Amino acid sequence: MATLLRSKLSNVATSVSHKSQAKMSGMFARMGFQAATDEEAVGFAHCDDLDMEHRQGLQMDILKSEGGEESAETPLEGDIHYQRDGTGPLPPSASKEACSELSGQGKPKITAWEAGWNVTNAIQGMFVLGLPYAILHGGYLGLFLIIFAAVVCCYTGKILIACLYEENEDGEIVRVRDSYVDIANACCAPRFPTLGGRIVNVAQIIELVMTCILYVVVSGNLMYNSFPNLPVSQKSWSIIATAVLLPCAFLKNLKAVSKFSLLCTLAHFVINILVIAYCLSRARDWAWDKVKFYIDVKKFPISIGIIVFSYTSQIFLPSLEGNMQNPKEFHCMMNWTHIAACILKGLFALVAYLTWADETKEVITDNLPSTIRAVVNIFLVAKALLSYPLPFFAAVEVLERSLFQDGNRAFFPNCYGGDGRLKSWGLTLRCALVVFTLLMAIYVPHFALLMGLTGSLTGAGLCFLLPSLFHLKLLWRKLLWHHVFFDVAIFVIGGICSVSGFIHSLEGLIEAFRTNAED
């Protein structure tokens with residue numbers, strides 16, 4: 001009898017423990033976190049099975065001790081509704097206040113300095129290496145555009161965040177939306193409640209995949225120019241880089257990769273300083289007379305896309321602002337990050353162009369002397385390869401959520417099994433995405449053209465057009481006249497630049513594709 005009693009008490013304790021873990025899993029699912037490993041996913045499933053098993057016989061005893069009969073009537077989130085993407089249905093009794101309270105307890109908040117570091121990483125990445133090439137075709141107007149793009153992107157980032165908030169019945173400004181997709185859906189409601197979100201998702205996927213392609217292109221380009229005497233072509237170097245990147249298809253999380261992100265960013269800043277130091281050492285030979293006041297009409301629109309692409313960060317700003325300890329510091333953070341980016345990019349582009357003038361290449365490090373070029377380029381290739389998993393994983397997440405895990409609206413069956421493991425055909429699709437980035441890099445190995453096309457298409461759309469349009473649509477009754485003027489002006493100018501840059505970049509890509517196909 002005593003043994004039976006101990007066994008029963010042990011089962012009760014085990015059930016309570018598993019129940020607590022299941023509640024935690026549900027809480028993290030609501031916050032958008034995913035299981036880090038297959039073992040954790042199996043652990044959650046095992047907790048759910050045990051919990052259901054014990055609750056059949058001990059439901060009242062356990063639930064009364066944790067909150068009474070009310071919570072016993074409905075299954076708790078995380079018991080049987082845990083899903084990989086955190087889209088499990090909420091219990092009917094769960095209020096929004098309780099959900100937000102739980103989310104606030106679980107989410108670590110970041111300071112304004114940490115938020116600024118994230119924005120700086122986004123807009124001060126390795127794609128600044130293409131800015132001197134933009135000065136080659138734009139001259140002083142290219143420098144002006146670097147400043148102009150910083151001002152506009154800073155402004156559109158602020159108005160995008162303003163679209164997350166509305167005034168409640170008590171006159172208080174409260175956050176009613178959480179993401180870029182939510183803003184887009186709100187603008188298209190009620191006639192097309194999901195159209196805006198789908199447009200933003202498509203733009204996001206294009207930008208992420210194109211970013212992956214650019215990493216492969218720049219890796220092949222840098223390695224080829226670092227070791228020109230080796231009998232290995234740029235295409236072959238791209239294939240080698242892709243072979244190294246193929247394990248990205250097996251990624252379940254970014255824990256391992258994120259450990260290197262800080263070192264990569266610091267290494268990139270060091271490389272920028274080295275390039276600037278070398279250029280300053282040749283200050284006596286700077287070709288000021290080569291900086292033009294006129295533009296190359298055919299190639300300057302491509303430069304616009306390059307400059308815009310180097311400032312893209314709007315897609316993750318809503319999430320960043322929502323995780324700040326003091327969201328009121330967001331505007332100040334945006335100001336100093338974009339001012340710093342504008343100064344550093346302008347100086348880097350101008351100094352590098354003055355050093356090499358008309359010989360400036362698409363990737364500026366290719367202009368360095370062979371003695372230091374190889375070392376600098378190897379570090380840049382390492383950064384590119386370690387940066388590739390970030391946009392790749394994000395693109396995979398968006399594709400899987402949109403096409404395979406969107407409930408009844410999904411276009412295809414779920415690519416994950418009941419135990420949370422990725423199915424074989426889902427893994428095949430991931431590998432196909434890696435191979436697709438390789439094929440694009442092989443057939444169109446032009447860093448500037450691809451960067452210009454992406455900046456003109458998705459960069460201008462996400463940074464210029466959509467934020468100004470959403471701001472006018474959602475808050476037009478409360479806007480002052482100068483805000484309306486700025487929004488309309490940004491929309492018109494951004495649209496013209498986007499169409500012009502896209503057409504010229506596409507023409508250049510088609511010509512390059514034909515040339516490579518003939519070869």
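Couple of notes before you dig in:
- Split the accessible area of the stretch 115-518 by element, probe 1.4 Å, and carbon with sulfur accounts for 68%.
- The translational diffusion coefficient of the stretch 332-397, from Stokes-Einstein at 25 °C and 0.890 mPa s with a Kirkwood hydrodynamic radius over alpha carbon pairs, comes to 169 µm²/s.
- When you count the other C-beta atoms within 10 angstrom of each residue and take the mean per peptide, 471-479, 165-173 line up highest first as 471-479, 165-173.
- Cross-linked pairs Lys345/Lys473; Lys299/Lys345; Lys292/Lys383: Cα-Cα separations exceed 28 Å for Lys345/Lys473; Lys292/Lys383.
- Two-decimal Rg to Rh for the stretch 239-383 - Kirkwood Rh, Cα set: 1.01
- Debye intensity ratio in log₁₀ form over the Cα atoms of the stretch 262-311, taken at each q of 0.16, 0.20, 0.22, 0.30 Å⁻¹: -0.80, -0.96, -0.97, -0.97
- For the stretch 115-518, dividing the convex hull volume of the Cα atoms by the residue count gives 165 Å³ per residue.
- For the stretch 115-518: accessible area per residue (Å², 1.4 Å): 46 Å²
- Computed from the C-beta positions of Trp425 and Val202 and an R0 of 30 Å, the FRET efficiency is 0.85 to the nearest 0.05.
- Placing a label point 7 Å from the Cα of Ile372 along the Cα-to-Cβ direction, the residues of the stretch 275-306 whose backbone N falls under 11 Å of that point are 275-282.
- Using the Karplus relation 6.51 cos²θ - 1.76 cosθ + 1.60 with θ = phi - 60°, the per-residue 3J(HN,Hα) values for the stretch 370-382 come to 4, 5, 10, 4, 4, 5, 4, 5, 5, 4, 5, 5, 4 Hz, with x marking Gly and Pro.
The values are calculated or read from the model by the stated rules, or taken from the named source; none is laboratory data. Since this is a predicted model, take the numbers as computed values, not measurements. When we count neighbours, we look across all protein chains shown, and the Cβ atoms used for this are built from the backbone with ideal geometry, even at glycine. Only protein heavy atoms, including side chains, enter the accessible area calculation; ligands, DNA and RNA are left aside. Shrake-Rupley method; radii C 1.70, N 1.55, O 1.52, S 1.80 Å.
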